[in-house]
Amino acid sequence: MISVIDEKNCIDCGQCLKVCPSLNTPIGNSGDFEGYMCWNRDTIARINSSSGGVFSCLADYILERSGNIYGAAFDDNFSLIHMQIDSEESLPRLCGSKYIGSNLSGVYIKVKSDLENGKRVLFSGTPCQNAALKKFLSKDYEHLLTCDFLCHGVGSTKYFNDCLNYLEKKYASSIISISFRQKQHGYLKPTFEIRFANGKIYKEFYFLSIFGYFFRDKICNRTSCGSCKYATVERFSDFTMADYGCSDKHEQPLREIKKGISTLLVNTNKGRKVFKQLKNNLVYVERAKNFVISSSPYLQMQTSVSKDRRMFFHDYLALDFEELIAKYYSVSKKVKREMKYSGKWNGSPAQFLYKVFQKIYKM
Ligand SMILES: Cc1cc2nc3c(=O)[nH]c(=O)nc-3n(C[C@H](O)[C@H](O)[C@H](O)COP(=O)(O)OP(=O)(O)OC[C@H]3O[C@@H](n4cnc5c(N)ncnc54)[C@H](O)[C@@H]3O)c2cc1C
């Protein structure tokens, strides 16, 4: 993270240096977590989430107690901001992963003000955003609940915005909705979907999409994520959520895998108390701590940065966006077909035939 001080507005109080999560690490929970494989019993909430819908379960807990939730959502211009919500109707806006950095302008002040006024708050964000909140508040509040996730890093907002402009031009219409991880092909094969006002839809497997392709290979990601201090077992929030990545993932029933499965780390005593009250709304199985750690790379080390990133961004500055895409983005029909039919047999005759042909072809 690069800290830039706006000299014109600086009043020299030094507060930013005291609370900056890049310069000062808050005290974490020393890695003493309980690990669970789990999912939300509410199937609709689960389908509308990126993994098993654990976040929405936590959010319901706070909404039922008249609290406020802070999480990442698109505003009307499709800029990603941290938004405050206080109703069930607004919750879907926060659900689902958006793989770019969110703007937190003014949010920490609002969180503090809610807490000072005795409101319950759930803050959800990246590990570094949680650490920054902790530094900013500088004391614990009984009514504050926090959750982060295992983080691969965030993608470039500029690249994302240019993708949106490019697609608006291509589809000759304005965007009305964006979803990074739809589950129509199941949770393990997420689909990136953009809907346009003229009824057209851009739909592609996330990792083969114009954005996900470069995100997966860590080409369009922020370089600062490659030196993240918060990719560790020591956590700075009450809960840590993740895609269920343990080696027994494929042993779960296919119908459950398709809907999404989460890993949940319960990091603090406060988290443990709340988790007890969530248990009726979750399907959960405890997993040994070491098993969870060994299956979660971002509990052990930060994300990497692709060696191709420098060249990509060099060309990004030199070329038109269309030229950049033509040079770097190419996904063949064969690769798309392989993605479509990969994995456990899901009962589809087309997938069955594909697998048979593949076997014959290889013989
Ligand atoms: C940038 C990013 C990188 C991730 N990397 C990994 C990874 O490498 N491995 C892994 O196992 N899981 C990763 N996750 C977490 C995973 O995608 C799911 O978000 C998580 O498992 C929770 O799923 P859910 O179904 O419970 O909740 P969901 O309904 O999916 O809720 C997601 C929550 O994350 C918040 N959120 C979404 N986007 C952002 C954002 N850009 N910045 C801050 N907060 C956001 C939302 O406000 C919401 O609270 C990542 C998520 C993000 C946003």
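The values are calculated or read from the model by the stated rules, or taken from the named source; none is laboratory data. Note that the structure is a prediction, hence the values are computed from the model and not measured. Counting neighbours? That spans all protein chains shown, and the Cβs are built from the backbone with ideal geometry, glycine included. Heavy atoms of the whole protein, side chains included, go into the accessibility calculation; ligands, DNA and RNA do not. Shrake-Rupley method; radii C 1.70, N 1.55, O 1.52, S 1.80 Å.
Worth pointing out:
Each row is one residue, and each column tells you yes or no for (1) within 16 Å of I27 (Cα to Cα); (2) out of contact with any Asp or Glu (no Cβ under 8 Å at 6 or more places or on another chain); (3) crowded, with 20+ Cβ neighbours inside 10 Å; (4) β-branched (V, I, T).
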site	(1), (2), (3), (4)
V233	yes, yes, no, yes
F239	yes, no, yes, no
I257	no, yes, no, yes
V266	no, no, yes, yes
N269	yes, yes, no, no
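- Hey, E322 in contact (Cβ under 8 Å) with a residue 24 or more places away in the chain, open to solvent by 60 Å² or more (accessible area, probe 1.4 Å), away from the ligand (no atom under 16 Å from the Cβ) and assigned to a strand (DSSP E or B) or not: no
- Pairs with Cβ under 7 Å, 6+ apart, first in region 15-39 and in a loop (DSSP other than H, G, I, E, B), second open to solvent by 70 Å² or more (accessible area, probe 1.4 Å): C20/S3; S22/M1; S22/S3; L23/L17; N24/K18; T25/K229; P26/K134; F33/K289
- Residue in region 105-113 that is in a loop (DSSP other than H, G, I, E, B), within 8 Å of the ligand (Cβ to nearest atom) and free of Cβ contacts under 8 Å to residues at least 60 places away in the same chain present: no
- Subset tally (residues that are in contact with a Phe, Trp or Tyr (Cβ under 7 Å, 6 or more places away or on another chain) and outside any helix (DSSP H, G or I)) for region 332-352: 1
- Any hit, region 284-305, residues being farther than 27 Å from K258 by Cα, at pLDDT 85 or above and among the charged types (D, E, K, R): no
- The C-beta contact set for region 288-312 (first residue at negative phi and assigned to a helix (DSSP H, G or I), second residue open to solvent by less than 60 Å² (accessible area, probe 1.4 Å) and away from the ligand (no atom under 16 Å from the Cβ), distance under 7 angstrom, 6+ apart or interchain) comprises F312/Y328.
- Criterion: hydroxyl-bearing (S, T, Y), more than 8 Å from the ligand (Cβ to nearest atom) and buried (at least 20 other Cβ atoms within 10 Å of the Cβ) - qualifying residue of Y36, Y99: Y36
- Region 50-68, residues that are within 12 Å of the chain's Cα centre (by Cα) and within 16 Å of G271 (Cβ to Cβ): F55
- Positions within region 189-218 being open to solvent by 20 Å² or more (accessible area, probe 1.4 Å) and β-branched (V, I, T), in sequence order: I201
- For region 115-158, a tally of residues being surrounded by fewer than 18 Cβ atoms within 10 Å (Cβ to Cβ), among the polar types (S, T, N, Q) and within 16 Å of the ligand (Cβ to nearest atom) returns 1.
- Tally, over region 74-86, of residues that are near the ligand (Cβ under 8 Å from one of its atoms) and either of a type in the set (D, E, K, R) or crowded, with 21+ Cβ neighbours inside 10 Å (or both): 1
- Selection status of G71, open to solvent by less than 30 Å² (accessible area, probe 1.4 Å) and within 18 Å of the chain's Cα centre (by Cα): yes
- Selection status of F291, away from the ligand (no atom under 14 Å from the Cβ) and either open to solvent by less than 50 Å² (accessible area, probe 1.4 Å) or under 30 Å from L63 (Cα atoms) (or both): no
- All of (1) surrounded by 12 or more Cβ atoms within 10 Å (Cβ to Cβ); (2) out of contact with any Asp or Glu (no Cβ under 9 Å at 6 or more places or on another chain); (3) more than 26 Å from N221 (Cα to Cα); (4) modelled with pLDDT of 95 or more hold for E89 with one exception: (1).
- In region 149-162, the residues that are free of Cβ contacts under 8 Å to residues at least 12 places away in the same chain and of a type outside the set (S, T, N, Q) form no Cβ pair under 7 Å with any partner that is part of a loop (DSSP other than H, G, I, E, B) and surrounded by 17 or more Cβ atoms within 10 Å (Cβ to Cβ), whether six or more places apart or across chains.
- For region 159-184, the tally of residues that are surrounded by fewer than 17 Cβ atoms within 10 Å (Cβ to Cβ), in contact with a helix residue (DSSP H, G or I) (Cβ under 8 Å, 6 or more places away or on another chain) and part of a loop (DSSP other than H, G, I, E, B) stands at 1.
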